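Below: one structure, written as structure tokens.
The values are calculated or read from the model by the stated rules, or taken from the named source; none is laboratory data. These numbers come from a predicted model, not from an experiment. Don't worry about glycine lacking a Cβ; one is built from the backbone with ideal geometry, like all the others, and counts go over all protein chains shown. Keep in mind that these areas ignore ligands, DNA and RNA; they rest on the heavy atoms of the full protein, side chains included. Shrake-Rupley method; radii C 1.70, N 1.55, O 1.52, S 1.80 Å.
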Amino acid sequence: MEIIIQPTPEAGSIIAARIIAKLVRSKPDCVLGLATGSTPLGTYRELTRMHREDELDFSRVTTFNLDEYVGLPPEHPQSYRAFMAENFFRHVNVDARHTHIPDGMARDVPGECAHYEEAIRAAGGIDLQLLGIGSDGHIGFNEPTSSLASRTRIKTLTERTRADNARFFGGDLAQVPFHCITMGVGTIMAAREVLMLAFGANKADAVTGAVEGPITAMNPASVLQMHAVAKCVVDEAAAAKLARREYYRWVYANKPDWQRITG
Ligand code: F6R
């Protein structure tokens, strides 16, 4: 895994947006895997700026989001469909018909999950999957002990994740759904490239476990150690507990020019 330490979340978000923009420019019909939550907001803002000011074109891009709450209709303000519209899709020229998010209102949940996997396959697979990480190491909503081979399915959120996400529901824990449909760890691992972002001190333990700990379902993000092309962009606070952080800085500072992230 390549670890990129940046001074602030803003600087990390700009790096992440550049990585995504480079892919979109080199493969205009690429398939992006997207995430919700606080972490990718700066990346979506920077991609929006690039769309407005630098002609970054999303018209041929297809997107698949990681997850959706079960029981929230798309028009519910806290649904991930609404989140993506509000924070990204409405600001760029992505074709709404090419944006995919699991249907949290599906009557046949297993059928919806199988359909989602099939849609990813039919689109040619995910070129780049953007990820945040939960304070317990979850990716998507694959909570600790999730099968590292899992595919899209229903999951029950842990109490900790529900409490972490209550802030999006006005702090009212009772409003946070108990279930979600999430891409599996295996679905995420099938992406050709993975870009995980982590900002803030409350992510430091999860990041350290994922990057330097053993590969274990107790920290699902640790499976990214087995991915051939995985980058992890962290700010100083999230990097604070990494034993080898000076080494990661040294490697990043001494990359050959052709490997540098620019643009
Ligand atoms: C979001 C998702 C989650 C979040 C994680 C971190 O689609 O799948 O894994 O990335 O819960 O959330 P934030 O960024 O809000 O700290």
TODO: Express in Å², to the nearest 10, the accessible area of THR8 obtained by rolling a 1.4 Å probe over the protein heavy atoms while all chains stay in place.
DONE: 50 Å²
Task: Residue-normalised accessible area of the chain, expressed per residue, 1.4 Å probe, Å² - done: 44 Å²
TODO: Work out the P(r) tail for the stretch 1-144: percent of alpha carbon pairs separated by more than 18 Å, whole number.
DONE: 58 percent
TODO: Would you kindly find the accessible area of THR262, with a 1.4 Å probe and non-protein molecules such as ligands, DNA and RNA excluded, rounding to the nearest 10 Å²?
DONE: 100 Å²
Task: Hits among aspartates and glutamates - C-alpha to C-alpha of LYS203 under 19 Å, sequence gap 8 or more where chains match - done: GLU2, GLU10, ASP136, GLU143, GLU159, ASP164, GLU212, ASP235, GLU236, GLU246
Open item on the list: Under 8 Å for C-alpha pairs, at least 6 residues apart: give me the relative contact order for the stretch 145-260, rounded to a whole percent.
Closed with: 26 percent
Task: Overall form of the stretch 119-263 per C-alpha gyration tensor (a/c, 1.5; a/b vs b/c) - done: oblate
Open item on the list: I need the phi-derived Karplus couplings for the stretch 25-37: 6.51 cos²θ - 1.76 cosθ + 1.60, θ = phi - 60°, integer Hz, Gly and Pro marked x.
Closed with: 6, 7, 9, x, 9, 5, 10, 9, x, 10, 10, 10, x
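In the stretch 148-263, carbon and sulfur make up what percent of the accessible area (probe 1.4 Å)? Don't skip to the end; give the middle numbers.
Working: 3220 of 5700 Å².
Using a 1.4 Å probe with all protein chains present, the stretch 148-263 comes out at 57 percent carbon and sulfur.
Return the ratio Rg/(2.2 N^0.38 Å) for the chain, where Rg is computed over Cα atoms only.
Values: Rg = 17.3 Å, N = 263, 2.2 N^0.38 = 18.3 Å.
After normalising by residue count via 2.2 N^0.38 Å, the value is 0.95.
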Task: Under the Karplus curve 6.51 cos²θ - 1.76 cosθ + 1.60, θ = phi - 60°, whole-Hz ³J(HN,Hα) for the stretch 85-97, x wherever Gly or Pro sits - done: 4, 5, 9, 8, 4, 6, 9, 10, 9, 5, 7, 3, 5
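Please sort 250-259, 185-194 by packing, taking for each peptide the average over its residues of neighbouring beta carbons within 10 angstrom, highest first. Before the final figure, lay out each step's value.
Details: 250-259: 9.2, 185-194: 21.6.
Highest to lowest by the protection proxy: 185-194, 250-259.
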Open item on the list: Would the stretch 180-263 count as rounded, prolate or oblate if I go by the C-alpha gyration tensor, calling it rounded below 1.5 in a/c and otherwise prolate when a/b exceeds b/c, oblate otherwise?
Closed with: oblate
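Can you give the calculated 222 nm mean residue ellipticity of the chain, where each DSSP H run of n ≥ 4 adds -39,500 (n - 2.57) and the sum is split over every residue, rounded to the nearest 500 deg cm²/dmol? Each step should come with its number before you reach the end.
Working: 9 runs with 88 residues, N = 263.
Result for the chain, helices only: -9500 deg cm²/dmol.
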Task: Karplus (6.51, -1.76, 1.60) ³J(HN,Hα), θ = phi - 60°, over the stretch 120-125, in Hz, Gly and Pro reported as x - done: 5, 4, 5, 7, x, x
Task: Between the stretch 216-249 and the stretch 7-36, the Cα center-to-center distance that results, in Å - done: 18 Å
Task: Value of relative contact order over the chain, rounded to a whole percent, pairs C-alpha under 8 Å and six or more apart - done: 25 percent
